[in-house]
Amino acid sequence: MEAVITILALLLVAFVALGVYATVKAVGAAKRGVDRTITQARRTVEDTTLRAKSFGQTGVAGELAQLRLALRTSMRATQDALHAGVAEDSSLAESVDLFRRLSAHGLELDEELKRLEREPDRATVAGLLPQLRERTERITHSADSLRWAARDRARQFADDDLDALNAQIDIEAGALRHWTVEEQRPGQAQGAASQGPGAGATRCRDAGVDWPEPAAGGGNSSTADESWGGPAREEAPQAITAPDPHLRTKYPWQKSARPETTN
């Protein structure tokens, strides 16, 4: 009885622990989803604000907004392209690591540009604009290079796969049209049969060889063979006049033909 109680207690504790673990995981997933949604919404609002500033403001504020917008757009596009490509091509893992290092410099520059937007000394900020513009161009150029290289690699793989697929389809299409080859074979056989059985003898006569003709009645031709000094040939089979079926006895139940009696 004590063993049963102990087993039930252990099962109860296991179920409670499992329920707590599932609850914690669900809460964590929900929290991450909420954080991701909030981050996405904040990013969208910030990008919209930067676009409005870049088009609506002039001077230092508009220049800083344009630099931040160009930096964020390039980095986000490269991040999406690399993360989408590394799932299919593992060789992009090194490119992802390089982009992660580049992102550190990009985030640092974005924070610096964000601080300079609130700087009241516009003259000092205007003096820093050439340096900030150069840093932004260097980072965006590196990000664009990684993104286009990944896209070119994916497109090259797609072209190679398409070429191989086209070759296989051409082979399969030729195999499916097998009747085109079969239609040529009967024509060739008909052309060979149209020459007739006497074509070989005609070619022999044209070549200057005059072979003796067989006997007209299809009888014994050993005399003609012996006149040439050659061995006697066996009698050729009669292909035109068929044997009398009444004189053949193939099966035991067939009766033999009765001899004719003379009066």
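For the stretch 8-49, place one equal point scatterer on every Cα, skip the solvent, and apply the Debye formula. What is log10 of I(q)/I(0) at q = 0.22, 0.27, 0.31, 0.33 Å⁻¹?
These q points yield log10 I(q)/I(0) values of -0.72, -0.83, -0.91, -0.96.
Rounded to whole Hz and in sequence order, give me ³J(HN,Hα) for the stretch 25-30 from the Karplus expression 6.51 cos²θ - 1.76 cosθ + 1.60, θ = phi - 60°, writing x for Gly and Pro.
Running phi through 6.51 cos²θ - 1.76 cosθ + 1.60 with θ = phi - 60° gives 5, 5, 5, x, 5, 5 Hz.
Let me know the volume per residue of the alpha-carbon convex hull for the stretch 132-181, in Å³.
It is 50 Å³ per residue.
Quick one: check the C-alpha center-to-center distance for the stretch 106-135 versus the stretch 2-41, whole angstrom.
Using only Cα atoms, the two centres lie 47 Å from each other.
Quick one: what are the phi-derived ³J(HN,Hα) couplings along the stretch 8-17, Karplus 6.51/-1.76/1.60 with θ = phi - 60°, whole Hz, x for glycine and proline?
My calculation for the stretch 8-17 gives 5, 5, 5, 4, 4, 5, 5, 5, 5, 5 Hz in order.
List, largest first, the extents of the alpha carbons of the stretch 30-107 along their principal axes, each in whole Å.
Projected onto its principal axes, the Cα set of the stretch 30-107 covers 45, 31, 18 Å.
Every number in this text was worked out from the coordinates using simple rules, so none of it is lab data. Keep in mind the model is a prediction, meaning the values are calculated, not measured.
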